[in-house]
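The values are calculated or read from the model by the stated rules, or taken from the named source; none is laboratory data. Because the structure is a prediction, the values reported are computed rather than measured. Cβ atoms come from the backbone with ideal geometry, glycine included; neighbour counts cover every protein chain shown.
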């Protein structure tokens, strides 16, 4: 019997990535307030802090019929060459501004995930083991002023850190990438798979060996 990974994220991009991996997963809602985190931290530290905060804010009471579960949270942020960081845009105008600030330069994208194996004992969920990993990639994204509106409307840019998506329609504006492609989309798959192996997620799945 295959185990199920609980994805505590509403991100359509992360769901698509897990579907491509062929890993059984179930979306689990989380509503952590990211603003309580220290946004003065450097990019890598901030995404790590937010991913952990999301994990520690989860309400797992609805899964009390399970004995052992694997749960993952994640966060993605972008930064331009000056170090200014970008999350999801507030509105369409903010998305346009974010794109203009990051295009035609090497911008950085960082994704951190927090993966835990938890066990249920005496009406409480306990963390058996936690793996937190941060991956940083660089992208060179280029498009003209008259292409920005169409790009935003044709993609899920409004749900992406820095309003940049290199998947699907957005791929045509990606000139170059250094690092993990899936990190930029929202979940570094190679590193996640290694972490799942470390936490025994695939032990009952002969096809994953």
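For residue 58, only one of the following conditions fails: (1) modelled with pLDDT under 95; (2) under 19 Å from residue 134 (Cβ atoms); (3) crowded, with 19+ Cβ neighbours inside 10 Å. What is its number?
(2)
If a residue must be in contact (Cβ under 8 Å) with a residue 60 or more places away in the chain and more than 26 Å from residue 86 (Cβ to Cβ), how many such residues does the range 24-62 contain?
Of the residues in that region, 1 qualify.
Go over the candidates 95, 79 one by one and state the one that is within 20 Å of the chain's Cα centre (by Cα) and under 19 Å from residue 156 (Cβ atoms). Don't jump to the end; show me each part of the working.
Numbers: 79 fails: under 19 Å from residue 156 (Cβ atoms).
Only one candidate passes the filter, namely 95.
Report, by residue number, each residue of the range 135-177 that is free of Cβ contacts under 8 Å to residues at least 40 places away in the same chain, assigned to a loop (DSSP other than H, G, I, E, B) and in contact with a strand residue (DSSP E or B) (Cβ under 9 Å, 6 or more places away or on another chain).
Answer for the range 135-177, where residues must be free of Cβ contacts under 8 Å to residues at least 40 places away in the same chain, assigned to a loop (DSSP other than H, G, I, E, B) and in contact with a strand residue (DSSP E or B) (Cβ under 9 Å, 6 or more places away or on another chain): 142, 166.
Take the range 149-162 and flag every residue that is surrounded by 19 or more Cβ atoms within 10 Å (Cβ to Cβ) and modelled with pLDDT under 95.
Initially, the range 149-162 is screened for residues surrounded by 19 or more Cβ atoms within 10 Å (Cβ to Cβ), giving 151-152, 155, 157, 160-162.
Matches in the range 149-162: 155, 157, 160, 161, 162.
From the list 135, 96, pick out the single residue that is surrounded by 13 or more Cβ atoms within 10 Å (Cβ to Cβ), more than 24 Å from residue 187 (Cβ to Cβ) and touching a helix residue (DSSP H, G or I) at 6+ places or on another chain (Cβ under 7 Å).
Details: 135 fails: more than 24 Å from residue 187 (Cβ to Cβ).
Of the residues listed, the single one that is surrounded by 13 or more Cβ atoms within 10 Å (Cβ to Cβ), more than 24 Å from residue 187 (Cβ to Cβ) and touching a helix residue (DSSP H, G or I) at 6+ places or on another chain (Cβ under 7 Å) is 96.
Which numbered condition trips up residue 192, out of (1) assigned to a helix (DSSP H, G or I); (2) farther than 22 Å from residue 66 by Cβ; (3) touching a residue at least 60 places away in the same chain (Cβ under 8 Å)?
For residue 192, the failing item is (2).
Within the range 45-60, can you find the residues that are assigned to a helix (DSSP H, G or I) and within 23 Å of residue 200 (Cα to Cα)? Full working, then the answer.
Residues of the range 45-60 that are assigned to a helix (DSSP H, G or I), as a first pass: 45-56.
If the condition is that a residue be assigned to a helix (DSSP H, G or I) and within 23 Å of residue 200 (Cα to Cα), then 48, 51, 52, 54, 55, 56 are the ones that fit.
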